[in-house]
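Novice: Mind looking over this structure? Questions follow.
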Amino acid sequence: DTEVTQTPKHLVMGMTNKKSLKCEQHMGHRAMYWYKQKAKKPPELMFVYSYEKLSINESVPSRFSPECPNSSLLNLHLHALQPEDSALYLCASSQAEGYTEAFFGQGTRLTVV
Amino acid sequence: SQQGEEDPQALSIQEGENATMNCSYKTSINNLQWYRQNSGRGLVHLILIRSNEREKHSGRLRVTLDTSKKSSSLLITASRAADTASYFCATDSNYQLIWGAGTKLIIKP
């Protein structure tokens, strides 16, 4: 199984809502990542988890809250988002932090209204 | 973080032709990777070339790396409609992937 599964595929939320994005991998990878991608731009790293511990937080606003319940799961909790947070949110995993090949999920298309 | 420049930004060619994309980067690297992204979807890893390698092949893909010029190229031979996508290079630096701006490739039937 070389898949990274993200749910939901699409999400529309109001600025006062609380929602969560979920990511799952069963490749035994010990590093997992959240990226944000705007249209026609490369992905921007948000968070890195290594061995279930937050390793990197790229100065992401606190309205985005990551969580790694176990080595296979990664969540991104969303609260009080702004319309400019609308983007494609991508989850990825790799064998370990320090990169060889990263496996990406299909992303969650988030629209904040 | 965005380190690299890719050119061209967009490339439109006829099916069957070869497509070449270039990537330049700024700092020393451990490896350089190329990814493909179909419209609005996740990224797919295509090929990785290590800093001590100069050329690598995978199927219809050929990647070169020139560390003295801090540049890489991706050649797709005998292009197909299914190759229509955005292509990103990414360099491994300080345990992070640093992404290029991407090249949008359109294959015309």
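The values are calculated or read from the model by the stated rules, or taken from the named source; none is laboratory data. What you see is a predicted model; the values in this text were computed from it and never measured. Glycine also receives a Cβ, built like all others from the backbone with ideal geometry; neighbour counts cover every protein chain displayed.
Novice: For the stretch B:39-50, which residues satisfy the criterion of being closer than 15 Å to A:GLN6 by Cβ and either within 10 Å of the chain's Cα centre (by Cα) or not small (Gly, Ala, Ser) (or both)?
Specialist: Listed by number, the residues that qualify are B:ARG41, B:LEU43, B:VAL44.
Novice: Let me ask something else. Of B:SER58, B:SER93, B:SER68, which residue is modelled with pLDDT of 95 or more and within 30 Å of A:GLN6 (Cα to Cα)?
Specialist: Going through B:SER58, B:SER93, B:SER68 in turn, the sole match is B:SER58.
Novice: Give me the strands (runs of 3 or more DSSP E) completely within the stretch B:27-109, filtered to those with at least 2 residues that are out of contact with any Leu (no Cβ under 7 Å at 6 or more places or on another chain), ordered by residue number.
Specialist: Per the criteria, B:43-50, B:55-58, B:61-66, B:71-76, B:85-93, B:96-99, B:103-108.
Novice: Which of the residues spanning the stretch B:63-97 are within 9 Å of another protein chain (Cβ to nearest Cβ) and under 13 Å from the mean Cα position of the chain (by Cα)?
Specialist: Hits for the stretch B:63-97 are B:SER86, B:PHE88, B:ALA90.
Novice: Scan the stretch A:63-76 for residues that are modelled with pLDDT of 95 or more and in a loop (DSSP other than H, G, I, E, B) and jot them down.
Specialist: Hits for the stretch A:63-76 are A:ARG63, A:SER72.
Novice: Next question, about the same structure. Any residue that is surrounded by fewer than 21 Cβ atoms within 10 Å (Cβ to Cβ), within 13 Å of another protein chain (Cβ to nearest Cβ) and of a type in the set (Ser, Thr, Tyr) - is there at least one of those in the stretch A:64-81?
Specialist: Within the stretch A:64-81, none of the residues are surrounded by fewer than 21 Cβ atoms within 10 Å (Cβ to Cβ), within 13 Å of another protein chain (Cβ to nearest Cβ) and of a type in the set (Ser, Thr, Tyr).
Novice: Further question: Against the condition within 13 Å of chain B (Cβ to nearest Cβ), over 18 Å from A:ALA102 (Cβ atoms) and in contact (Cβ under 8 Å) with a residue 40 or more places away in the chain, how does A:LYS38 come out, does it pass?
Specialist: yes
Novice: Which ones in the stretch A:82-98 are surrounded by fewer than 17 Cβ atoms within 10 Å (Cβ to Cβ) and either of a type in the set (Asp, Glu) or touching a Pro at 6+ places or on another chain (Cβ under 6 Å) (or both)?
Specialist: A:GLU84
Novice: If you don't mind, there's one more thing I want to ask. Of everything in the stretch A:23-61 that's of a type in the set (D, E, K, R) and touching a Leu at 6+ places or on another chain (Cβ under 7 Å), which residue is farthest from A:SER72 (Cα to Cα)?
Specialist: A:GLU58
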